[in-house]
1. What nm distance separates the two modelled labels at residue 75 and residue 181, each placed 7 Å from Cα along Cα→Cβ?
2. Put a dot 7 Å past each Cα toward the Cβ at residue 119 and residue 267; how far apart are the dots in nm?
3. How much length, in nm to one decimal, is gained on full extension between residue 195 and residue 97, taken as 0.36 nm per residue of separation minus their Cα-Cα distance?
4. Could you pull out the pairs from 102/143; 119/143; 102/169; 156/202 whose alpha carbons sit more than 22 Å apart here?
5. Work out from phi, with θ = phi - 60° and the Karplus expression 6.51 cos²θ - 1.76 cosθ + 1.60, the ³J(HN,Hα) of each residue of the stretch 254-262, listed in order in whole Hz, and give x for Gly and Pro.
6. DSSP beta bridges in the stretch 65-213, what fraction antiparallel, as a percent rounded to 5?
7. What FRET efficiency would be calculated for the residue pair residue 138, residue 88, taking the C-beta separation as r and a Förster radius of 45 Å, to the nearest 0.05?
Amino acid sequence: MSPTSLTARSVVEAAYAKQAVPPWGSRHPSVVHMNMLAHSRGAAAVAAHQLAIRTAGELPKSPIPKTRPEPPVTRINNVRRAASSTGSGPLLAPVLDCDIGKPCLVLDLDETLVHSVFKPVPNPDYVLPVEVEGVIHYVYVCKRPGCDIFLEQLGKIYEIVIFTASLTKYADPLLDLLDTANTIRSRLFREACVYHEGNFVKDLSLLGRDARSTIIVDNSPASYLFQPENALACDTFIDDPTDRELYVLLEFLEEIRNAPDLRIPLQQWANGTYQAGSFGGNNEKKDVNGVVWDENINEEEQESKR
């Protein structure tokens, strides 16, 4: 993004410019390793993070429903705790029955699914009024090519969570427009992030989901500083109508959903060693424990396959 370009975020948050905490947080260009985590959060935090990874297999298994219920037809927000700094326990409520057995897909919003600006643009997908200090500003939003099919298709095989560093007053009404099919199960905004060295970090360990079956898709490495092994990086979207990033990621995410530990194909994808079809492709549905899902048998029979 050009340093002189005027984004909707900069306008919406003009009232916060004098705060000690930057409204958006800086975009660091590289992944910070565990030594930086130790420096900022202490050795105990690092030890706890490493322990969580080592003991991931000890998480209780979710009971498989006898029949998979239909997904909700109206908007929901399956969030138990909206802010990371208040309360205790996971940010997300337990997985809905219709999503049991699905991996958790955490999606960024700005520059990943959409691009928003304050300045009028030709043919925006949405024009969103946002109030700042009593004044209504209009935000012009362009969806990334493939955004609709990306959400629709992956919502069938993943539990979709939007996790954005944007303010609720801007992101929530935008998501109402974006998610007409109610594929998004949970919405987490800036207050759910952890502020760390000028960045709003999305700490996946706070979600209450198994690390082996959780992926975050984000254009900013700063967003996944604490769990880079769970990240699927994507290019930043501004306004390129020929962009095909979501189509590429859609195919990859469909292919790897059956992997017993999603961090393995994510690492292979990142270092260029991933081979298509090596994790079962689209032919089999598996639960988070790696058991093939068969909708034609009951719960007892499914449990006997474990």
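Nothing in this text is a laboratory measurement; each read-out follows from the coordinates by a stated rule. Quick caveat: nothing in here was measured; it's all calculated off a predicted structure. Heads up, the Cβs are rebuilt from the backbone with ideal geometry, glycines too, and the neighbour counts pull from every protein chain shown.
1. Label at residue 75, label at residue 181, 1.9 nm between them.
2. About 4.4 nm separates the two model spin labels.
3. Numbers: separation 98, 0.36 × 98 = 35.28 nm, distance 3.26 nm.
The span from residue 195 to residue 97 would gain 32.0 nm if fully extended.
4. On the way: 102/143 26 Å; 119/143 16 Å; 102/169 30 Å; 156/202 24 Å.
Cα-Cα > 22 Å for 102/143; 102/169; 156/202; rest within.
5. Along the stretch 254-262, the couplings run 5, 5, 9, 4, 8, 5, x, 9, 5 Hz.
6. Numbers: 15 of 24 bridges.
If we restrict to bridges inside the stretch 65-213, about 60 percent are antiparallel.
7. Working: r = 39 Å, r/R0 = 0.88.
After rounding, the FRET efficiency stands at 0.70.
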